[in-house]
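So the structure is just underneath, and the comments pick up after that.
The values are calculated or read from the model by the stated rules, or taken from the named source; none is laboratory data. Every value quoted in this text rests on a predicted model; they were computed, and no experiment measured them. Backbone-built Cβ (ideal geometry, glycine too); neighbour counts: all protein chains shown. For the accessible areas, the whole protein counts, side chains as well, though only heavy atoms, and no ligand, DNA or RNA atoms are used. Shrake-Rupley method; radii C 1.70, N 1.55, O 1.52, S 1.80 Å.
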Amino acid sequence: MKKILIGLVSLIIIAFVGLKIAEKVVASGDGYYVQITTDGQRVDGKDDSGRPYIDYKYSLPGYDKEGQKKQLEFSAAKDRPLRREAFLKVTWKKSKGVTSYEEVQQKQIPKKAASKLGL
């Protein structure tokens with residue numbers, strides 16, 4: 001019984017560590033800062049099961065912490081556009097493009113990127 005319990009606990013720990021490593025690999029990339037200046041391009045579509053959905057596509061300049069520019073293209077799967085004038089930290093990966101984004105406060109943007117955004 002003790003061996004089974006040790007084996008089960010070991011399996012759970014290995015699975016947890018594996019998931020954390022996979023999450024890190026998938027979510028890793030370069031950080032860029034953008035400001036939402038448009039409503040985006042509305043895209044109406046249907047998923048594989050035929051249910052309608054709405055996306056908003058954006059193409060905006062982003063700046064890394066050193067102030068280097070990159071044109072970023074990404075979609076927001078929401079039923080409304082992203083909030084105008086909002087600041088986002090966008091994660092970009094060479095092999096996949098934009099993999100994630102999150103809203104940040106203006107004070108969280110590095111100085112070189114902020115100056116390029118006109119702040």
Next item on the list: With a 1.4 Å probe and every protein chain left in place, work out the accessible area per residue of the chain in Å², rounded to a whole number.
Entry: 74 Å²
Check: residue 21 to residue 86: extension gain in nm, 0.36 nm per residue of separation minus the Cα-Cα distance?
Finding: 20.3 nm
Note to self: Which of rounded, prolate or oblate describes the chain when judged by the alpha-carbon gyration tensor and an a/c cut-off of 1.5?
What the structure shows: oblate
Notebook entry, point to check: What length, rounded to one decimal in nm, is gained on full extension from residue 53 through to residue 28, with 0.36 nm per residue of separation minus their alpha-carbon distance?
Noted result: 6.2 nm
Checklist line | Burial ranking of peptide ranges 90-96, 60-66, 30-36, 41-47 (average Cβ count within 10 Å, highest at the top) | finding: 30-36, 60-66, 90-96, 41-47
Item checked: Accessible-area composition of region 1-71, carbon plus sulfur, in percent [1.4 Å probe] -> 62 percent
Note to self: At a 10 angstrom cut-off on C-beta neighbours, averaged per residue, how do the peptides 1-8, 16-23 rank from highest to lowest?
What the structure shows: 16-23, 1-8
Note to self: Between 0 and 90 degrees, rounded to the nearest ten: what's the tilt of helix 2-27 against the longest Cα principal axis of the chain?
What the structure shows: 20 degrees
